[in-house]
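Peer 1: Here's a structure for you.
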Amino acid sequence: MAAPVYRASLPDANELARERRRARLRRFGGRSVLYSAASFFTLFAALPFAWMLLTVFKQNADLYDPNHNPFLYNSPPTLDNVRLLFEQTQYATFIRNTVFVSVFVVVITLVATVPAAYSLTRLAGRWGESLGIAIFLVYLIPPTLLFIPLSRVVAELGVRNSWWAMVVVYPSFTIPFCTWLLMGFFKSIPWDIEEQAMIDGYSRLGAIWRTVLPVSIPGLLTVVVFSLALTLHEFVYALAFVTSSAEKTISIGVTTELIRGDVYFWQSLMAAAAIVAIPVAILYNLFLDRFIAGFTLGAVKG
Amino acid sequence: MAAIEARGITKRFDGGGGAAVDGIDLASTDGEFLVLLGPSGCGKTTLLRMIGGLEPPTAGDILIGGRVVTDLPPRARHIAMVFQSYALYPHMTVFNNIAFPLQAAKLPKETQKQKVGWASGILGIDHLLDRKPRQLSGGQRQRVALARALVREPNVFLLDEPLSNLDAQRRASARDELQQFQRRVGTTTLYVTHDQVEAMGMGDRIAVMDQGRIRQVGTPLEIYDDPADTFVATFLGSPPMNLIPDGASGLLFGFRPEHFVPASDATGDDAVRFPFHVHRTEYLGAERLLYGAVGETRTIARFPANADLPIHVGATSEFAVRRRDLKRFDRETGLRRDQIRGIG
Ligand SMILES: Nc1ncnc2c1ncn2[C@@H]1O[C@H](COP(=O)(O)OP(=O)(O)O)[C@@H](O)[C@H]1O
Ligand SMILES: [Mg+2]
């Protein structure tokens with residue numbers, strides 16, 4: 001920025017007008033940079049979805065001809081690919097399994113992380129912080145290492161080749177991650193209101209229920225969103241522990257059944273992805289503000 | 001029967017050196033406004049939290065209404081506490097904040113409404129009941145916190161520096177309101193502060209604390225006129241009490257700046273004389289301060305601004321203190337060596 005110039009005389013009208021014009025230009029310039037950046041990233045994020053949706057309704061002849069523009073329908077759109085997805089694979093079953101696994105994993109994660117994060121922030125004294133980080137480190141061990149020992153666990157529990165295997169295994173990564181996330185939240189909530197609630201007539205549990213949890217709803221939502229996302233895109237464990245179609249979740253179901261040898265059923269794959277992605281995207285958008293609030297809070301304080 | 005009583009109460013924190021609260025005995029009388037005064041870090045909050053049941057004592061007992069409550073959780077003590085931060089529930093409206101203790105007691109909805117109306121009326125916040133705490137000013141938050149404390153008609157109020165979040169102007173009027181409020185409801189109050197003006201102005205009695213111990217308990221007058229040791233003598237009063245070592249007796253002579261007057265004004269022969277060398281005078285509107293030294297010791301004298309003083313800066317003149325205004329302290333222990341009133 002230029003150093004300010006101090007004039008002894010008053011600036012004349014022309015100069016003032018010029019100054020104002022320059023300011024407006026600067027504002028306009030700032031705006032246009034902002035909007036072009038936003039447009040670019042919107043396009044960047046939305047383009048794959050658009051392409052995916054377009055591909056769903058394409059005929060094979062249209063899709064595989066390299067001379068065709070991929071963003072236009074050169075042959076009329078068709079529903080055959082979606083029909084194939086539902087009629088020749090157990091897609092509805094995959095969805096059902098995914099929903100069951102997600103609900104169980106999210107509930108288990110919440111039930112385990114809320115008390116864990118609470119005790120680590122409030123009750124464990126100076127060990128809490130280090131323990132929290134140690135727990136988080138567990139999350140960083142890749143599933144490609146863990147699936148071998150975990151397969152023993154799954155076998156012992158008698159849930160091999162069943163979606164229950166995923167309900168058992170997925171919390172092993174959602175809990176560490178979400179515990180660490182929630183610790184950041186609980187740390188940002190003042191002790192005072194909890195102690196005040198205890199003075200006002202509640203037990204510690206009652207005080208937590210009525211003050212800490214309502215105030216940490218953004219944090220709890222963040223936990224739900226993250227455990228949901230981690231569950232939806234998990235692949236290695238699902239592939240390793242489940243082989244029968246009736247027990248598969250979407251992430252492995254469609255990839256194992258719509259890629260037959262070297263034949264990719266691209267349009268049906270895209271349909272399978274779009275059908276789950278769109279409701280999830282809408283759900284996330286509904287909670288976007290709280291979600292961001294939660295995530296940044298956790299990130300800064302964690 | 002004392003509303004609040006501490007018996008040999010002690011608190012040591014893990015890994016934290018000495019005791020934060022070191023064997024305190026303290027009893028309030030029924031309905032009194034008892035102020036706990038001491039410098040920052042002397043253990044006031046810790047003592048208050050032990051009385052409230054938020055911190056388990058290392059040793060000793062807490063009695064409320066004559067009953068030992070040391071092992072009872074906070075909710076069973078039937079007390080109200082106002083935190084320094086006010087600790088309003090951010091997700092609730094003012095109404096629900098105030099009604100919260102009543103909900104905890106499972107009172108019928110109608111009764112809750114009526115009591116919230118009563119408490120918010122006393123504190124003049126009826127019009128704020130639908131707001132959330134973040135929409136309130138500091139002073140309004142303080143009233144909401146007080147209303148919430150009042151609404152359950154507790155045995156005891158515990159207040160931890162409730163005025164420290166207000167700006168200086170609001171603080172003076174809030175002091176007045178708070179005291180009137182306590183007089184009207186007549187509930188025994190333990191009020192923690194590090195501000196001697198608050199303590200002197202509001203307390204029926206003051207307990208002066210330092211390093212986890214009670215140094216003296218007494219009315220503001222007793223504490224000011226008859227400090228039990230040099231800590232109390234210098235902690236209260238602004239400027240503080242002068243302390244001059246006396247060669248003959250090996251004691252410290254203490255006297256208030258306003259009792260240090262030119263020898264010619266000290267009538268009778270019961271005055272003790274000191275040669276006072278004046279370095280500087282300070283004119284503070286209503287009063288005038290003379291800064292100087294008696295021997296090697298810094299000493300201050302205070303006069304009304306309109307006093308006619310034949311004093312020159314840089315000169316030494318004969319000053320005196322009436323014998324009954326002179327306090328004697330042990331030079332080693334700092335304890336008073338002459339007769340005093342009001343030791344708790
Ligand atoms: N939770 C705690 N853990 C360790 N030390 C503490 C804790 N709370 C207070 N202390 C220590 O106890 C002493 C008294 O603190 P406090 O009661 O807060 O003083 P005050 O309220 O008079 O300013 C201080 O030295 C403080 O550092
Ligand atoms: Mg304190």
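Peer 1: Would you mind telling me which numbered condition in (1) under 30 Å from A:Ala61 (Cβ atoms); (2) modelled with pLDDT under 90 A:Ala271 fails?
Peer 2: Condition not satisfied by A:Ala271: (2).
Peer 1: Let me ask you something else. List pairs: first residue in the stretch A:193-215 and farther than 13 Å from B:Ala104 by Cα, second residue acidic (Asp, Glu) anywhere in the structure, Cβ distance under 7 angstrom, at least six positions apart or on different chains.
Peer 2: Between residues of the stretch A:193-215 that are farther than 13 Å from B:Ala104 by Cα and residues that are acidic (Asp, Glu), the close pairs are A:Ile208/A:Glu194; A:Val212/A:Glu194.
Peer 1: Could you list, in sequence order, the residues of the stretch B:197-222 that are within 16 Å of ligand 1 (Cβ to nearest atom) and surrounded by fewer than 21 Cβ atoms within 10 Å (Cβ to Cβ)?
Peer 2: Matches in the stretch B:197-222: B:Asp210, B:Gln211, B:Arg213.
Peer 1: Do you know which residues across the stretch A:182-207 are under 31 Å from the mean Cα position of the chain (by Cα) and open to solvent by 20 Å² or more (accessible area, probe 1.4 Å)?
Peer 2: A:Lys187, A:Ser188, A:Pro190, A:Trp191, A:Leu205
Peer 1: Across the stretch B:41-69, which residue is farthest from ligand 1 (Cβ to nearest atom) among those that are surrounded by fewer than 17 Cβ atoms within 10 Å (Cβ to Cβ) and without any contact (Cβ under 8 Å) to a residue 24 or more places away in the chain?
Peer 2: Only one residue fits best here, namely B:Arg67.
Peer 1: Only residues that are more than 7 Å from every other protein chain (Cβ to nearest Cβ) and on the phi < 0 side of the Ramachandran plot: list them for the stretch B:81-91, please. Walk me through it before giving the result.
Peer 2: Within the stretch B:81-91, the subset more than 7 Å from every other protein chain (Cβ to nearest Cβ) is B:82, B:84, B:86, B:88.
Hits for the stretch B:81-91 are B:Val82, B:Gln84, B:Leu88.
Conditions tested, residue by residue: (1) within 12 Å of ligand 2 (Cβ to nearest atom); (2) under 11 Å from B:Ala6 (Cα atoms); (3) in a loop (DSSP other than H, G, I, E, B).
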position: B:Gly18; (1), (2), (3): no, no, yes
position: B:Gly23; (1), (2), (3): no, yes, no
position: B:Thr29; (1), (2), (3): no, no, yes
position: B:Ser40; (1), (2), (3): yes, no, yes
position: B:Thr46; (1), (2), (3): yes, no, no
position: B:Met50; (1), (2), (3): no, yes, no
position: B:Asp61; (1), (2), (3): no, yes, no
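Peer 1: Then there is this: For the stretch A:53-92, enumerate the residues that are open to solvent by 70 Å² or more (accessible area, probe 1.4 Å) and either of a type in the set (A, V, I, L, M) or touching a strand residue (DSSP E or B) at 6+ places or on another chain (Cβ under 8 Å) (or both).
Peer 2: Listed by number, the residues that qualify are A:Leu53, A:Ala61, A:Leu72, A:Leu79.
Peer 1: Also, quick follow-up: What number of residues in the stretch B:221-235 are free of Cβ contacts under 8 Å to residues at least 60 places away in the same chain and either within 9 Å of the chain's Cα centre (by Cα) or under 13 Å from B:Pro39 (Cα atoms) (or both)?
Peer 2: 2
Peer 1: Shifting gears a bit: Scan the stretch B:156-180 for residues that are in contact (Cβ under 8 Å) with a residue 40 or more places away in the chain and crowded, with 18+ Cβ neighbours inside 10 Å and jot them down.
Peer 2: First pass over the stretch B:156-180, keeping only residues in contact (Cβ under 8 Å) with a residue 40 or more places away in the chain: B:156-162, B:164-165, B:179.
Result: B:Val156, B:Phe157, B:Leu158, B:Leu159, B:Asp160, B:Glu161, B:Pro162, B:Gln179.
Peer 1: Filter the stretch B:92-107 down to residues that are in a helix (DSSP H, G or I), more than 17 Å from B:Gly121 (Cβ to Cβ) and more than 9 Å from chain A (Cβ to nearest Cβ), then give me how many there are.
Peer 2: Looking only at that region, the number is 1.
Peer 1: Okay, next question. Out of B:Leu129, B:Leu72, which single residue is within 13 Å of chain A (Cβ to nearest Cβ) and open to solvent by 20 Å² or more (accessible area, probe 1.4 Å)?
Peer 2: On the way: B:Leu129 fails: within 13 Å of chain A (Cβ to nearest Cβ).
Result of the check over B:Leu129, B:Leu72: B:Leu72.
Peer 1: If you scan the stretch B:100-115, which residues turn out to be within 21 Å of B:Val185 (Cβ to Cβ) and either within 30 Å of the chain's Cα centre (by Cα) or surrounded by fewer than 18 Cβ atoms within 10 Å (Cβ to Cβ) (or both)? Even if it seems obvious, please write down each step before you answer.
Peer 2: Residues of the stretch B:100-115 within 21 Å of B:Val185 (Cβ to Cβ): B:100-102, B:104-105, B:107, B:111-115.
If the condition is that a residue be within 21 Å of B:Val185 (Cβ to Cβ) and either within 30 Å of the chain's Cα centre (by Cα) or surrounded by fewer than 18 Cβ atoms within 10 Å (Cβ to Cβ) (or both), then B:Phe100, B:Pro101, B:Ala105, B:Leu107, B:Thr111, B:Lys113, B:Gln114 are the ones that fit.
Peer 1: Restricting to the stretch A:234-246, give me the number of residues that are more than 11 Å from A:Tyr170 (Cβ to Cβ) and out of contact with any Gly (no Cβ under 8 Å at 6 or more places or on another chain). First the steps, then the outcome.
Peer 2: From the stretch A:234-246, those more than 11 Å from A:Tyr170 (Cβ to Cβ) are A:235-236, A:239-240, A:242-246; that's our starting set.
Narrowing further to those that are out of contact with any Gly (no Cβ under 8 Å at 6 or more places or on another chain): A:235-236, A:239-240, A:242-244, A:246.
Residues in the stretch A:234-246 being more than 11 Å from A:Tyr170 (Cβ to Cβ) and out of contact with any Gly (no Cβ under 8 Å at 6 or more places or on another chain): 8 in total.
Peer 1: Please enumerate the residues belonging to the stretch B:221-269 that are among the hydrophobic types (A, V, I, L, M, F, W, C) and part of a helix (DSSP H, G or I).
Peer 2: Taking the stretch B:221-269 as the starting set, the residues that turn out to be among the hydrophobic types (A, V, I, L, M, F, W, C) are B:221, B:223, B:228, B:231-233, B:235-236, B:241, B:243-244, B:248, B:251-253, B:255, B:260-261, B:263, B:266.
Once the filter is applied, which keeps residues that are among the hydrophobic types (A, V, I, L, M, F, W, C) and part of a helix (DSSP H, G or I), the stretch B:221-269 yields B:Leu221, B:Ile223, B:Phe231, B:Val232, B:Ala233, B:Phe235.
Peer 1: Shifting gears a bit: Given B:Leu26, B:Leu37, which one is open to solvent by less than 30 Å² (accessible area, probe 1.4 Å) and within 12 Å of ligand 1 (Cβ to nearest atom)? Explain how you work it out, then say what you get.
Peer 2: Working: B:Leu26 fails: within 12 Å of ligand 1 (Cβ to nearest atom).
The match here is B:Leu37.
Peer 1: Test B:Gly117 against the criterion of being part of a loop (DSSP other than H, G, I, E, B) and more than 14 Å from chain A (Cβ to nearest Cβ), and give yes or no. Show your work before the answer.
Peer 2: Working: part of a loop (DSSP other than H, G, I, E, B): no; more than 14 Å from chain A (Cβ to nearest Cβ): yes.
No: the conditions fail for B:Gly117.
Peer 1: Counting just the residues of the stretch B:181-195 that are outside any helix (DSSP H, G or I) and away from ligand 2 (no atom under 16 Å from the Cβ), which one comes out most open to solvent (accessible area, probe 1.4 Å)?
Peer 2: Going residue by residue through the stretch B:181-195, those that are outside any helix (DSSP H, G or I) are B:186-195.
Narrowing the set further to residues that are away from ligand 2 (no atom under 16 Å from the Cβ) leaves B:186-189.
Details: B:Gly186: 42, B:Thr187: 19, B:Thr188: 5, B:Thr189: 2 Å².
Per the stated criteria, the residue is B:Gly186.
Peer 1: Note down all Cβ pairs under 6 Å where the first residue falls in the stretch B:118-143 and is free of Cβ contacts under 8 Å to residues at least 12 places away in the same chain, the second is open to solvent by less than 10 Å² (accessible area, probe 1.4 Å), and they're at least six residues apart or on different chains.
Peer 2: B:Asp126/B:Ser120
Peer 1: Within the stretch B:306-317, does at least one residue satisfy the condition of being over 25 Å from B:Leu37 (Cβ atoms) and in a strand (DSSP E or B)?
Peer 2: Looking for residues that are over 25 Å from B:Leu37 (Cβ atoms) and in a strand (DSSP E or B), one finds at least one in the stretch B:306-317, hence yes.
Peer 1: Moving to a separate point now. Consider B:Gly15 carefully, then state whether it is over 27 Å from A:Tyr202 (Cα atoms), free of Cβ contacts under 8 Å to residues at least 40 places away in the same chain, within 14 Å of chain A (Cβ to nearest Cβ) and open to solvent by 40 Å² or more (accessible area, probe 1.4 Å).
Peer 2: Numbers: over 27 Å from A:Tyr202 (Cα atoms): yes; free of Cβ contacts under 8 Å to residues at least 40 places away in the same chain: yes; within 14 Å of chain A (Cβ to nearest Cβ): yes; open to solvent by 40 Å² or more (accessible area, probe 1.4 Å): yes.
Considered against the rule, which asks whether it is over 27 Å from A:Tyr202 (Cα atoms), free of Cβ contacts under 8 Å to residues at least 40 places away in the same chain, within 14 Å of chain A (Cβ to nearest Cβ) and open to solvent by 40 Å² or more (accessible area, probe 1.4 Å), B:Gly15 comes out as yes.
Peer 1: Further, regarding this structure: Of the numbered conditions (1) on the phi > 0 side of the Ramachandran plot; (2) out of contact with any helix residue (DSSP H, G or I) (no Cβ under 8 Å at 6 or more places or on another chain); (3) within 14 Å of another protein chain (Cβ to nearest Cβ), B:Gly65 fails exactly one; give the number of that condition.
Peer 2: Against the list (1) on the phi > 0 side of the Ramachandran plot; (2) out of contact with any helix residue (DSSP H, G or I) (no Cβ under 8 Å at 6 or more places or on another chain); (3) within 14 Å of another protein chain (Cβ to nearest Cβ), B:Gly65 comes up short only on (3).
The values are calculated or read from the model by the stated rules, or taken from the named source; none is laboratory data. The structure displayed is predicted, hence computed values, not measured ones. As a convention, Cβ positions derive from the backbone with ideal geometry for all residues, glycine included, and neighbour counts pool all protein chains shown. Please note that ligands, DNA and RNA were not included when accessible areas were found on the heavy atoms of the full protein model with its side chains. Shrake-Rupley method; radii C 1.70, N 1.55, O 1.52, S 1.80 Å.
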